[in-house]
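What follows is one structure encoded as structure tokens, with my remarks underneath.
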Amino acid sequence: MRGNAQKGTARPMGIAKRAQAIKPSPTLATAAKAKAMKAQGIDVVDFGVGEPDFDTPENVKQAGIRAIQSGFTKYTPAGGTDELKEAVIEKFKKDNGLLYEKSQVLISCGAKHSLYNIAEALFDPGDEVIIPSPYWVSYPDQALLNDAMPVIVETTPEEGFKLSAKNLAQAITKKTKALILNSPSNPTGQAYDRNTLEEIAALAVQHGIYVVSDEIYEKLIYDGFSHVSIASLGQKIKDLTLVVNGVSKSHSMTGWRIGYAAGPKDVITAMANIQSQSTSNPASISQKAAVEALRGPQDFVRTMNVEFDKRRKYMVERLNTIPGVTCLMPVGAFYAFPRVSALYGRETAAGKAVRNSSELAAYLLEDARVALVSGDAFGADAYIRLSYATSMESIKKGLDRIEEAVKNLKKL
């Protein structure tokens, strides 16, 4: 009977359209290819990785070990432990002048998870999400996965790769639901000053637009730059802002997978409900380690910044000596984002054309054995991204190889 009842009934097949529209993360794909080449014994200099090359601080590791030894290895509340939420609240008060209650904080499995929870909680079909480019690779795809439309607004080196209030105003429509800001930025390393943020905040409040403020690189800043969270510019903009942060970059804890978000109680509650039905809680052990990262000594952060600063200056100065390459000095994060479009329209010694950032990145990986990420992944095909989160020795070797590879390109 069952077989007869189903006879002639077409069974729906195939992958959901939203999943078909999504590409794998280009940065993770680059890292995987570089690792595969290294596994084959090929000497690859990896400028593609987006994580500090420093080990997790010893006091943080010991906190994780103590958690294991004491049996803190079970489920925690889905939205994170009270202890870690309190540590996050203390951090926001001390560093950003922001006051939150525990009901306004959610602990997730990394900042990327926090951002995805926000997208699921806020975006409906037809909503528009304004994203300045160059952008971190996952912002547009996370909007698309939640049936929203990314509205890309280009920025320029002359603007310091920052979205101006004028360009933001022109992009806002009746369908605009949110703006995503990333300061300091991945991939450019640039950051927003207080005046620009005040102008953006005024527009967001005027139009009732949520601001998703990704501040994961907050601690990695140079040249005396002062980080400002847009949520700190008044109660009205705070009520519209979801601040995203974590310990991955600041404390070299990428594999521990702890991020957090703070914002309006109703949005955070919705995000917590979503998380309870998807991942449940972040790892209990990692949460204990994150408490120590936030409350313990911060000497590690300062030491790491001093080293990154040296690498930053060396890399950018070297890049600017290569004919056809120009690069702004970043004020934060650990990325250089040079313009390389002057090299397009050339060919390799093997006769392969270099017409865009993807082909240049492929050439540098295959011929020069240097891994980096093409700018088209960030919505900026005229550029490439290099991470200086690697040793000075590797940076010098990699830049030597890039310089030689560029010399070997033939003009058509």
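The values are calculated or read from the model by the stated rules, or taken from the named source; none is laboratory data. These numbers come from a predicted model, not from an experiment. Every residue, glycine among them, receives a Cβ derived from its backbone with ideal geometry; neighbour counts consider all protein chains shown. Just so you know, the surface numbers come from the protein's heavy atoms only, side chains and all, with ligands and any DNA or RNA stripped out. Shrake-Rupley method; radii C 1.70, N 1.55, O 1.52, S 1.80 Å.
How big is the accessible area of Glu86 in square angstrom, nearest 10, if you roll a 1.4 angstrom probe over the protein chains?
In the full protein context, Glu86 sits at about 70 Å².
As a test question: what accessible area, to the nearest 10 Å², does His207 have when a 1.4 Å probe is rolled over all protein chains in place?
It works out to around 90 Å².
Of Met329, Met37, Met271, Met13, which has the most accessible area with a 1.4 Å probe, and how do the rest follow in descending order?
Met13, Met329, Met37, Met271
In terms of solvent-accessible area of protein heavy atoms at a 1.4 angstrom probe, what is the ranking of Cys327, Cys109, highest value first?
The ranking, largest first, comes out as Cys109, Cys327.
For a distance above 22 Å, tell me the whole-number percent of Cα pairs in segment 114-209 that qualify.
Summing the P(r) of segment 114-209 above 22 Å gives 24 percent of all pairs.
Put a dot 7 Å past each Cα toward the Cβ at Asn195 and Ile22; how far apart are the dots in nm?
My value for the distance between the label points is 4.1 nm.
Once Lys and Arg get +1 and Asp and Glu get -1 on their Cβ, which of Ala36, Gln235, Ser248 lies farthest toward the positive end of the dipole of the chain?
Looking along the dipole axis, the top candidate is Ala36.
HN-Hα J couplings of segment 334-340 from phi, Karplus 6.51/-1.76/1.60, θ = phi - 60°, integer Hz, Gly and Pro as x?
Calculated HN-Hα couplings, in order: 9, 10, 10, 10, x, 7, 10 Hz.
Would you calculate, for the chain, the mean residue ellipticity at 222 nm contributed by helices, counting each DSSP H stretch of 4 or more residues as -39,500 (n - 2.57) and dividing by all residues, to the nearest 500?
After summing the helix terms and dividing by residue count, I get -11500 deg cm²/dmol.
Just want the answer: with Cβ charges of +1 for Lys and Arg and -1 for Asp and Glu, which residue in Thr156, Leu115, Asn195 is farthest toward the dipole's positive end in the chain?
It is Leu115.
In the calculated pair distance distribution of segment 161-221, what percentage of Cα-Cα distances lie above 14 Å?
The answer is 55 percent, as a whole percent.
Where does each of Arg385, Arg318, Arg257 land when they are ordered by accessible area, with a 1.4 Å probe and the largest first?
Greatest to least solvent exposure: Arg257, Arg318, Arg385.
Can you pull the percent of segment 100-162's accessible area that's carbon plus sulfur, 1.4 Å probe, other chains left in place?
The value for segment 100-162 is 50 percent carbon and sulfur by accessible area.
Please work out the Cα center distance from segment 181-255 to segment 352-412, rounded to the nearest Å.
Comparing the Cα centres of segment 181-255 and segment 352-412, I get a distance of 29 Å.
Hey, any idea what % of segment 29-92's accessible area is carbon plus sulfur with a 1.4 Å probe?
Answer for segment 29-92: carbon and sulfur cover 54 percent of the accessible area.
Taking the Cα centre of the chain as the origin and placing charges on Cβ (Lys, Arg +1; Asp, Glu -1), which of Gly324, Leu365, Ala262 is farthest toward the positive end of the dipole?
Value: Leu365.
Enter the per residue convex hull volume of segment 358-406, computed from alpha-carbon coordinates, in Å³ rounded to the nearest integer.
Looking at segment 358-406, the number lands at 66 Å³ per residue.
Can you give the relative contact order of the chain as a percent, counting alpha carbon pairs under 8 Å and 6+ residues apart?
22
Where only protein heavy atoms count, and the probe is 1.4 Å, what is the accessible area per residue for the chain in Å²?
45
Within straight cross-link reach of Lys93, meaning Cα distance under 19 Å, which lysines are found once same-chain residues fewer than 8 apart are removed?
Lys85, Lys102, Lys219, Lys236, Lys238, Lys265
To the nearest 20 Debye, how big is the dipole of the chain about its Cα centre, given +1 on the beta carbon of each Lys and Arg and -1 on that of each Asp and Glu?
Using Cβ point charges on Lys, Arg, Asp and Glu, the chain gives about 940 debye.
Would you mind estimating how fast the chain diffuses translationally, via Stokes-Einstein at 37 °C and 0.692 mPa s with the Kirkwood radius over Cα pairs, in µm²/s?
It diffuses with D of about 146 µm²/s by this estimate.
Computing the accessible area with a 1.4 Å probe over protein heavy atoms, can you report the carbon and sulfur percentage for segment 357-398?
Roughly 44 percent, rounded to a whole number.
Probe 1.4 Å, all protein chains in place: accessible area of Glu393 in Å², nearest 10?
Looks like 140 Å² after rounding.
Send over the Kirkwood Rh of segment 277-384, from the inverse of the averaged 1/r over different Cα pairs, rounded to one decimal Å.
By the Kirkwood definition, the hydrodynamic radius is 16.9 Å.
Given R₀ = 35 Å, what would the calculated FRET efficiency be for Glu58 paired with Lys33, taking r from the Cβ atoms and rounding to 0.05?
FRET efficiency, Glu58 to Lys33: 0.60.
Where Rh is the Kirkwood radius over the Cα pairs of segment 120-269, the temperature 4 °C and the viscosity 1.567 mPa s, what D in µm²/s does Stokes-Einstein return?
83
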